[in-house]
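A.B. asks: Below you will find the structure I want to go over with you.
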Amino acid sequence: ISIFSPGRINFIGEHTDYNDGYVLPAAINKGIICAIQKSKNNFSTIIALDDNKKHTFSIDEIKPIYNGGWKNYILGILFEIKKTRNLSSNFDLVFAGDIPSGAGLSSSAALENSVVYGLNKVFNLGFNKEEMVFISQRAEHNFVGVKCGIMDQYTSMFGKKNKALFLDCRAIQAKAIKINFKEYHILLINSNVKHNLSSSAYNDRRLVCEKVAELLQIKALRDTNEDNLSQIRDKISSTDYQKVLYVIQENNRVKQAFKALKNEDLHLFGKLLYESHYGLKHQYNVSCDELDFLVDEAQKSEFVIGARMMGGGFGGCTINLIQKSKTAAFKNKVLQSYQKKFGTTCSFYKVKLSQGTYLLNS
C-alpha cells in the first residue's frame, strides 16, 4: 500500500504546543509518500529513495542508532507500536518526499505519520488516528531525543484542505477554519540554514518553561498570565522571564489571530505574525541572522502584510503573506539582497493547504 503524509506550516503559535497552549497550523501539499508491504524475509528493509540509503533490521531487535537520522524516526515508531501490538512479520518500506529537510515544515512528523498509518493498515493493528499521532510523538521523544509538542504530528494527520486548524494542545481538539486570503497568498522563504531540533536549545527551552510552571504551581504555562508571572520575577533570571513572557503573549496572539481570520481581517492577522517574530527573536531567542534579515525585507515591502520565522528556530523558513501580483518582483529583490548579505542563496515555495495523512492506494 502507499500513503501520503503532508508536512505542515504554522501560521502562529510557536513553542506554545509543549506548554499546553494554542497553535494555528495547516497541512500543506508537500509531504512524504511511503509504500509498505509484508516481507517474506526474516528481516525488514527500509529505503530512503531520495538519499539512496538502505537499512535492514529485524523487528525483534529494535534499538536507537547513534546519529541514525531518519532511521530512528521509523525504528521509534516500531518500538512504540510493539508496546501494545504484535507485528506478524517483517516488512519492506520505501519512502520519498518533496519537503525540504530542516526547513521547519515537519518532514519528520510526515515520515512518522506515513509509517504508523501504513503499518496500521498492512498489519490491521486497529489504531485510530489520534492514537497514531501519539505514537509518532513518543517515537520522537524516545528514539530521536526531541521533546516535541503534539502540533506537527496532529496537523500532518488531521489537516483539512484549504483550512487551518485552531488547535488546543491540552484538549487535543481542533476547530478547522476556512482561509480566505483574498488577493494575498502564502510564500515560504527557506533561509537554507539547517537546524537540528535535537540540539540542546529546543529541550533547554522546554525545561525553562516546565521549571517556571512548577514555580508558579501550575500544570503548564497556558494556565498563567503576565500578572502572575510578574510576582515571581525576582525568583528567575531575566532571560527566563522573557522566555515565559513570550509564551504567555504568543498564546494570546494565537487566539487573536483565529478571530482575525474569522473576521477576514488580514491586516491584523499580518501584524500578529510580525509581533510573533519579534518575540521569537528578542524574548525566546530562537531566531538567527538569516531569518531576521528575511523578515526585515518583508517588513520593508508594502506588499507583504505579515511575516515571521516558522518552526523550532535557528534556521528553516519564514512564512510571508504577500500580494499575489507582486510576488515575482519581491522574490527577485530578496534573492539579490540575501545573496549579497550572506553569500548564499535562499529558496521560495508556494504551498496550498492540504488534507492530512491518507491512503493513496491499497
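The values are calculated or read from the model by the stated rules, or taken from the named source; none is laboratory data. Only a predicted model underlies this, so the values are computations on that prediction, with no experimental measurement involved. Quick reminder, even Gly has a Cβ in these numbers, built from the backbone with ideal geometry, and neighbours come from all protein chains shown. Calculation scope for accessible area: heavy atoms of the full protein, side chains included, ligands and nucleic acids excluded. Shrake-Rupley method; radii C 1.70, N 1.55, O 1.52, S 1.80 Å.
A.B. asks: Can you give me the number of residues within segment 60-113 that are within 17 Å of residue 2 (Cα to Cα) and of a type in the set (Asp, Glu)?
C.D. replies: Of the residues in that region, 3 qualify.
A.B. asks: For segment 259-271, which positions are open to solvent by 20 Å² or more (accessible area, probe 1.4 Å) and part of a helix (DSSP H, G or I)?
C.D. replies: Of everything in segment 259-271, those that are open to solvent by 20 Å² or more (accessible area, probe 1.4 Å) and part of a helix (DSSP H, G or I) turn out to be 259, 262, 267, 268, 271.
A.B. asks: Going through segment 51-74 one residue at a time, which ones are over 24 Å from residue 85 (Cα atoms) and outside any strand (DSSP E or B)?
C.D. replies: Result: 51, 52, 66, 67, 68, 69.
A.B. asks: What are the residues in segment 169-188 that are open to solvent by less than 30 Å² (accessible area, probe 1.4 Å) and either at pLDDT below 90 or more than 20 Å from residue 31 (Cβ to Cβ) (or both), if any?
C.D. replies: Correct list: 169, 172, 177, 181, 184.
Conditions (1) open to solvent by 10 Å² or more (accessible area, probe 1.4 Å); (2) part of a loop (DSSP other than H, G, I, E, B), marked per residue:
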{"site": "311", "(1), (2)": "no, yes"}
{"site": "321", "(1), (2)": "no, no"}
{"site": "326", "(1), (2)": "yes, no"}
{"site": "340", "(1), (2)": "yes, no"}
{"site": "349", "(1), (2)": "yes, no"}
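A.B. asks: If residue 46 satisfies all but one of (1) open to solvent by 50 Å² or more (accessible area, probe 1.4 Å); (2) assigned to a strand (DSSP E or B), what's the number of the condition it fails?
C.D. replies: (1)
A.B. asks: Of everything in segment 283-309, what is crowded, with 23+ Cβ neighbours inside 10 Å, in contact with a Lys or Arg (Cβ under 7 Å, 6 or more places away or on another chain) and in a helix (DSSP H, G or I)? Give them in sequence order.
C.D. replies: Selection gives 295 alone.
A.B. asks: Further question: Can you confirm whether segment 272-282 contains a residue that is within 20 Å of residue 298 (Cβ to Cβ), in a loop (DSSP other than H, G, I, E, B) and not β-branched (Val, Ile, Thr)?
C.D. replies: No, the conditions are met nowhere in segment 272-282.
A.B. asks: Before we move on, is residue 246 over 22 Å from residue 167 (Cα atoms) and crowded, with 16+ Cβ neighbours inside 10 Å?
C.D. replies: no
Condition check ((1) out of contact with any Leu (no Cβ under 9 Å at 6 or more places or on another chain); (2) open to solvent by 10 Å² or more (accessible area, probe 1.4 Å)) across all residues:
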| site | (1), (2) |
| --- | --- |
| 61 | yes, yes |
| 68 | no, no |
| 79 | yes, yes |
| 109 | yes, no |
| 113 | yes, no |
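A.B. asks: Something else now. One residue is enough: does segment 36-43 have a residue meeting the conditions at pLDDT 95 or above, among the hydrophobic types (A, V, I, L, M, F, W, C), farther than 30 Å from residue 320 by Cβ and not in a loop (DSSP other than H, G, I, E, B)?
C.D. replies: Within segment 36-43, one or more residues are at pLDDT 95 or above, among the hydrophobic types (A, V, I, L, M, F, W, C), farther than 30 Å from residue 320 by Cβ and not in a loop (DSSP other than H, G, I, E, B).
A.B. asks: Give me the pairs: first residue in segment 157-178 and under 17 Å from residue 351 (Cβ atoms) and touching a residue at least 24 places away in the same chain (Cβ under 8 Å), second residue assigned to a loop (DSSP other than H, G, I, E, B) and of a type in the set (S, T, N, Q), beta-carbon distance under 7 Å, and six or more apart or on different chains, which are they?
C.D. replies: 159/354; 159/355; 160/355; 161/354; 161/355
A.B. asks: Also, quick follow-up: Tell me which residues, restricted to segment 92-106, are open to solvent by less than 30 Å² (accessible area, probe 1.4 Å) and not in a loop (DSSP other than H, G, I, E, B).
C.D. replies: Residues satisfying the conditions are 93, 95, 96.
A.B. asks: Looking at the structure I just gave you, is residue 86 over 30 Å from residue 216 (Cα atoms) and in a loop (DSSP other than H, G, I, E, B)?
C.D. replies: For residue 86, the condition - over 30 Å from residue 216 (Cα atoms) and in a loop (DSSP other than H, G, I, E, B) - is met.
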